[in-house]
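Some notes on the structure that comes next.
The values are calculated or read from the model by the stated rules, or taken from the named source; none is laboratory data. Every value quoted in this text rests on a predicted model; they were computed, and no experiment measured them. All Cβ positions, even for glycine, are placed from backbone atoms using ideal geometry, and neighbour counts span all protein chains on display. Please note that ligands, DNA and RNA were not included when accessible areas were found on the heavy atoms of the full protein model with its side chains. Shrake-Rupley method; radii C 1.70, N 1.55, O 1.52, S 1.80 Å.
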Amino acid sequence: MTDIQKQKIEQLLIHLIHALQDSKAGVTKTKLYKLLYFLDFGHYAKYDRSITNLSYLKFRFGPVPMGVDTLLKLMEENEWIQRQWKSDRYDGHSIYKSSTVNPSNDWSATEKETIEATIQHFKNTYAFQVSRETHHHYSWISTDNGKIIDYEKSKFCDFEWLDYFYNKTKEEYLEDQQTRKLLDESEEMDQLMNSLQNL
């Protein structure tokens with residue numbers, strides 16, 4: 001990771017935390033990881049380049065950006081961000097906060113558009129919901145566990161908040177979403193997905 005890339009990722013993380021820290025869902029490490037994936041792969045699908053140039057590994061609970069965990073720890077040590085414990089019905093989890101003023105950035109117009117659209121779309125979405133959304137993506141499904149996810153596979157995914165649909169109209173996408181919602185609420189589908197994850 002170059003110094004320029006590192007600075008850009010730090011700016012993006014601070015921006016995401018600032019934008020999400022007061023939302024009802026807050027911002028956890030898991031949510032940050034998945035949002036970075038959606039930002040990078042969504043921008044690549046539309047414009048043939050990612051925002052951060054990070055590599056993402058496929059793990060059981062979704063894509064994980066390489067090197068970001070270390071970066072978050074360094075940002076904590078520098079007191080740019082802080083972690084707080086938030087109690088909830090699942091016992092609780094750590095959420096990120098930041099009082100650091102977001103520095104100026106060199107994001108392009110398309111990067112800014114992608115970042116803001118993604119923030120708005122997922123603002124009040126909990127980490128487990130964002131993670132689950134990644135599991136519907138061809139890029140994640142078609143990659144072996146522990147392997148790097150190929151950016152080219154983003155072209156076969158849907159990013160509806162960016163008005164990007166693979167081989168379908170927005171109306172067809174919405175119909176698919178209704179079907180997916182029914183399947184997601186099915187106990188049989190949950191059992192099948194758990195079985196597939198253990199293969």
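One table, with the values for the structure above:
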| item | result |
| --- | --- |
| Degrees between helix 3-20 axis and first principal axis of the chain (Cα, 0 to 90, nearest 10) | 70 |
| Mean ellipticity per residue at 222 nm, deg cm²/dmol - from DSSP H runs of n ≥ 4 across the chain, formula -39500 (n - 2.57) | -15500 deg cm²/dmol |
| Cross-link reach list, lysines versus Lys181, counting only Cα pairs under 24 Å and skipping chain neighbours closer than eight places | Lys24, Lys31, Lys34, Lys58, Lys123, Lys153, Lys155, Lys168, Lys170 |
| Degrees separating the helix 109-122 axis from the principal Cα axis of the chain, which is the longest one | 70 |
| Candidates Thr125, Thr100, Thr28, ranked by Gaussian network fluctuation over the chain, Cα under 10 Å, top entry | Thr100 |
| Exposed-site-free run, longest, the chain (rule: GluC sites (Glu not before Pro); DSSP loop; at most 16 other C-beta within 10 Å) | 80-184 |
| Accessible area expressed per residue, the chain, with surrounding protein chains retained (probe 1.4 Å, Å²) | 56 |
| Dimensions in Å of the stretch 126-182 - Rg and Dmax from alpha carbons | 12.1, 35 |
| Accessible-area value, Asp106, 1.4 Å probe, nucleic acids and ligands omitted, Å² | 150 |
| Percentage of interatomic Cα-Cα distances in the chain larger than 20 Å | 58 |
| Most mobile of Ser154, Ser50, Ser99 in a GNM of the chain (Cα contacts under 10 Å) | Ser99 |
| Apportionment of accessible area to carbon and sulfur, the chain, percent (1.4 Å) | 50 |
